Every structure is written in C-alpha cells, then in structure tokens.
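The next block holds one structure in the form of structure tokens; read it before the comments.
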Amino acid sequence: MARDKKSRIKNGNGGKPPFVPFDKIDTELFRRLGELRPVRVIVIGDVILDEYLGGDISRISPEAPVGVLDCVSVEFKLGGAANVAANFKKLGCDAFLIGVTGEDADAKRLKTVLGENGLSGKGLLAASERPTIKKTRVMAQRQQLLRIDREDRSAVSPETERRALELFRRELPKSAGVVISDYNKGFLTNTLLRRIIAEARAKKKPVVVDPKGSSFAKYRGVDVITPNRHELEKASGMKCPVPKKVETAARLIAKNHSIGAVLATLSADGMALFQKGADGKYFPAAAREIFDVTGAGDTVVAVFTAAWLGGFLQEEAAMLANHAAGLQVAHLGAAGVGMEEIKRDLALEAGVAESKIVDLDMAARIAGNLRKNNKKIVFTNGCFDLIHYGHIQYLQKARRLGDRLFLGLNSDSSVKRLKGPSRPILNEHDRAHILSALDCVDQVILFNEPTPLKLINAIKPHFLVKGGDYKVEQIVGHKEMKKWGGEIKTVAYIEGNSTTGIIKKIIRSPKG
C-alpha cells in the first residue's frame, strides 16, 4: 500500500513531532522479524461474541421508511479479549484466555469459534446470572448499518472473581506476561484488577493494558497502557488535538498511576509512545483504504506485546504494532493480522523481492482486495524449470491482459511426478525467487497438487492463461472460470525455446 509521507499532526507552534522515516522502519523491522521469539501470555478480560448478518438492501419496508435487509449470511467471530487472544495465535504465540460467559447458546458458539481459531475455552467461567456478551452487526454492501448489543455490565460476583484469580495464579508461572483487555463490561472489577496486577508484579511478569473508563487509577503499576485519543482525553480530563497535549496527558497519567509507558493510538495520526525518561516517539499512520476499524485496538495490544516480550525494544514493538494496525483496518471485521501478512507487507514496503512469494491464503486475500478495487487478475501456472526467453515472452504477454499476474508454480515434488525423477533442474526455492524478480510477475504461489485447480478456485482470476494450442475444454479450471465470468486465454509459445531442448543441448555439448 502507498504511504502518506506528508501526513503529519502539527503541534501548537506549527512544527512537526519527531516521526521515524518509513523507509528506516520498514527495512529494519523486516530484518528484525526473523529474530522474534514466540511467547505465551495470559489474556484476561471481557470476551465478546461478534455476530455479522450480511445481505443486500434493495427495497423499502411498507411498515416504516427503512430499508429491508435480505439476509443471506450469518457469521460469528471473536471480539474483545477473545479477539486479542486470537491475534496472538495468528502471530504464532500462545494465549491462555480468562473471561466470563453466560450459560447459554452463545457461550457454546463462542467456544466453537475459539476452537476454530486454535484457542481453548478452558479459561472461560460460566455465570448463570449474566448473558454471554454479543454484538450483532447488520451489514450491507460492506457497510455497517446497525449494531445490537446484548450484555450485562454489572460487576461479576465475588465467587466469579475468586475463580478467575485462581485460574490466573495457576497460569502465571507458565506465561511471559499478561494482557488485560478491558471493555468495561463488568468482569474486570477494581478488586480483581488490583489482585492480578499485584500477582504479576510479584512474579516480575510484564502487564500491558488496553484500557476503558474515566479513570486509569485501577491500572496502577502496570508496565504499558494503550489508550486511544478519546480514552486518553477522558482519563486525563484534557483535550488532546495536538502532539504537545497528547504528550502532556500521557505523561500525567503515567506519573499519577505509576505506569511505565503509554502507547497512544491516534487514529489517522498514527501512534505515539511515551516512556519514562525518554523523548516521545511518533509513528505516522499508513495511508490505506479503510474498510472497518473493528478490532484495530486488539491488534495493536497483541502485536506490541508479542513483539516486546519476544525480544523487541518497546519503540520497535510500537513501530510493528502501528504497521499491523494499518493492515487491520483494511480488513472487514476483527480478522486479526498474522505474522506472514506483516512480513509480506513490510517486505513490499522495503522493496524485498521475497515479498512476492506467498502462500494460498495470502494469495486469496490479495486477490480479494484487488477484485474489490476493480483490478483485473491474470493467472497462469507451470514448472518454469530452467527459465528461458520463451518463458519471459509468455509471462509478459499474460501480464498485459490485466493489472496483476498470479503465477502458480509446481513444487519440486509436483514437478517430479509430472516430468520424472531427474527433474526439476532448479529447486522450487530458486525457481520461485527467479520468477519473483521479474517485473511482469506480481505473485508466486507454490503448489503440490497435480493441477492448479485449488489455486484457481481461491484466486478467482478474470483471465486464465495457458500456452500452446490447448482447446478450452482441455484446460484445467475452464468450468470453474465460467462460474464467475472469467475468460480463458491461450498464448502461443515461441518456437525453438524449451527446457527439454536446453537440457539436450547441454548433454550434447563437448565436455572440458
């Protein structure tokens, strides 16, 4: 995505805060990603079940002047502390989730979705006196029309507090740190917060808080707090329209409540980190097309904590969290951001060729975003062993059919099955990197299957390209292409250029 290097928040004197240059951020962070250690954390807080009702509105109700949603899909996702835990999982970390649910059907659904995300529901405490928190979002044409909340924000019982603390004490020695995800829904009482913070400090386990409420006194003694601008203003009693005011409010809160650092998220103005005894550091927001801000705060706290506990300095962790937040808002819903997506995007920004080599899931996501932006996708596939002039001409012609060329590349095992035990000449690593260095190739996806049908179904290209004199009905994927209105294109090979011919010529050549 393009970066908005002119985007700056100005201080009261018209100057600019000390932003770190994007080129430096992207290159250094990409290099450092390989050094991160996966960590195990406790995530404790308000767990939420997110429900999405999707459809289209094409008529007005005769009962009232409102649109009628023809609901065609119902999807359940994780929200609140559950989404924070899911974010850790996507980053390759382990998270033990502690929260409270009701004894209802939504609790069962929540545990099912946790399982689908590789998380355990063993830390969820059932309380018969309250419902499982659920937020229902009504969506049409990728726009949120309405949100319906079902919740009880009264404080949980002392018995639930006791059970939560027991779980926390049991898991703390096994964890590198603690994340408190507070949505002010009644689970994190002042008493419970004081006790878990004290327990963590006694065990020298770092605590990071995503806060809520008009006072941050309840978070006294934590290591890092991650308020957004509104939360910062509310807790400090100060308006924070400019960097100088943001810093004043952040440092006041840190001093009054013995908080080690404040990582403030400032929406379109990026993020700012204020540490005791150090100058404030500002990280500008990336200019991206924003689809949905849902879950951006969860992504920030998870990525920052995973990076900090995994070996980054707090400043580096903040840079990475800022980058990840930009990726998150380009998704629909609280989808979370995985380490592979972060790595790929940083590589693109840093100009690293490896960024073109992606897995199937990432290829499908990239293709989905391209379709939403009305970009034409071209797909072709092959072994591309001993790449020659004919290959280059073929790929250039294919690329000219659309805006992006996705290339399905047969893995080494797949090539052996197709060409015999003596092939490939070049291994999949070398072939993928050579192809990714070509300007006409935008994405390279390795596949092990005999045919690229799985890739075609995932990417749904506008054009499927094959070389030679294939008839349409002979091309794998021609039936599937009809389903979404795609076209089959054939590109003639240049005669006299073939890998087999090159191999034979090498064999015939005199040695010495």
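The values are calculated or read from the model by the stated rules, or taken from the named source; none is laboratory data. Note that the structure is predicted; figures quoted are calculated from it, not measured. Here the Cβ is made from the backbone with ideal geometry for all residues, glycine too, and neighbour counts use every protein chain on show.
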Single residue of Ala202, Ala249, Ala254 found to be closer than 24 Å to Thr160 by Cα and small (Gly, Ala, Ser):
Ala202
Restricting to region 49-94, what's the tally of residues that are of a type in the set (A, V, I, L, M) and either touching a Lys or Arg at 6+ places or on another chain (Cβ under 6 Å) or not in a strand (DSSP E or B) (or both)?
10
Of all the helices (runs of 4 or more DSSP H) wholly in region 418-488, which have at least 3 residues that are buried (at least 16 other Cβ atoms within 10 Å of the Cβ)?
428-436, 453-459
Does region 343-360 contain at least one residue that is under 23 Å from Ile488 (Cα atoms) and touching a strand residue (DSSP E or B) at 6+ places or on another chain (Cβ under 9 Å)?
yes
If you check Ala164 against the conditions, is it among the aliphatic types (A, V, I, L, M), crowded, with 20+ Cβ neighbours inside 10 Å and more than 29 Å from the chain's Cα centre (by Cα)?
yes
Ser120: part of a strand (DSSP E or B) and either of a type outside the set (Val, Ile, Thr) or over 20 Å from the mean Cα position of the chain (by Cα) (or both), yes or no?
no
Within region 141-193, the residues that are of a type in the set (A, V, I, L, M, F, W, C) and not in a strand (DSSP E or B) are Ala155, Val156, Ala164, Leu165, Leu167, Phe168, Leu172, Ala176, Phe187, Leu188, Leu192, Leu193
Is it the case that Asp106 is surrounded by 13 or more Cβ atoms within 10 Å (Cβ to Cβ), within 18 Å of Thr299 (Cβ to Cβ) and at pLDDT 95 or above?
no
Test: residue in region 146-155 that is touching a helix residue (DSSP H, G or I) at 6+ places or on another chain (Cβ under 6 Å) and without any contact (Cβ under 8 Å) to a residue 40 or more places away in the chain:
no
Starting from residues that are among the basic types (Lys, Arg) and in a helix (DSSP H, G or I), keep the ones in region 249-288 and report whichever is nearest to Lys218 (Cα to Cα).
Lys255
Is there any pair linking a residue in region 122-145 that is loosely packed, with under 14 Cβ neighbours inside 10 Å to one that is aromatic (Phe, Trp, Tyr), with Cβ under 7 Å and at least six apart or on different chains, and which?
Arg142/Phe291
Mind telling me which of the residues Asn117, Asn190 ends up being under 25 Å from Val224 (Cβ atoms) and at pLDDT below 95?
Asn117
Kindly list the number of the only condition in (1) of a type in the set (D, E, K, R); (2) at pLDDT below 95; (3) more than 22 Å from Gly79 (Cα to Cα) that fails for Arg142.
(3)
Cβ-Cβ distance below 8 Å, separation of 6 or more or different chains: which pairs start in region 241-257 with a residue that is more than 17 Å from Asn228 (Cβ to Cβ) and assigned by TED's automatic domain parsing to the domain that holds Arg229 and end on one that is surrounded by fewer than 20 Cβ atoms within 10 Å (Cβ to Cβ) and of a type in the set (A, V, I, L, M)?
Asn256/Ala217; His257/Ala217
Residues (in contact with a strand residue (DSSP E or B) (Cβ under 6 Å, 6 or more places away or on another chain), surrounded by 22 or more Cβ atoms within 10 Å (Cβ to Cβ) and assigned to a loop (DSSP other than H, G, I, E, B)) located in region 197-226
Pro211, Val222, Thr226
Kindly check whether there is at least one residue in region 22-35 that is touching a helix residue (DSSP H, G or I) at 6+ places or on another chain (Cβ under 7 Å), closer than 30 Å to Lys122 by Cβ, modelled with pLDDT of 75 or more and of a type outside the set (S, T, N, Q).
no
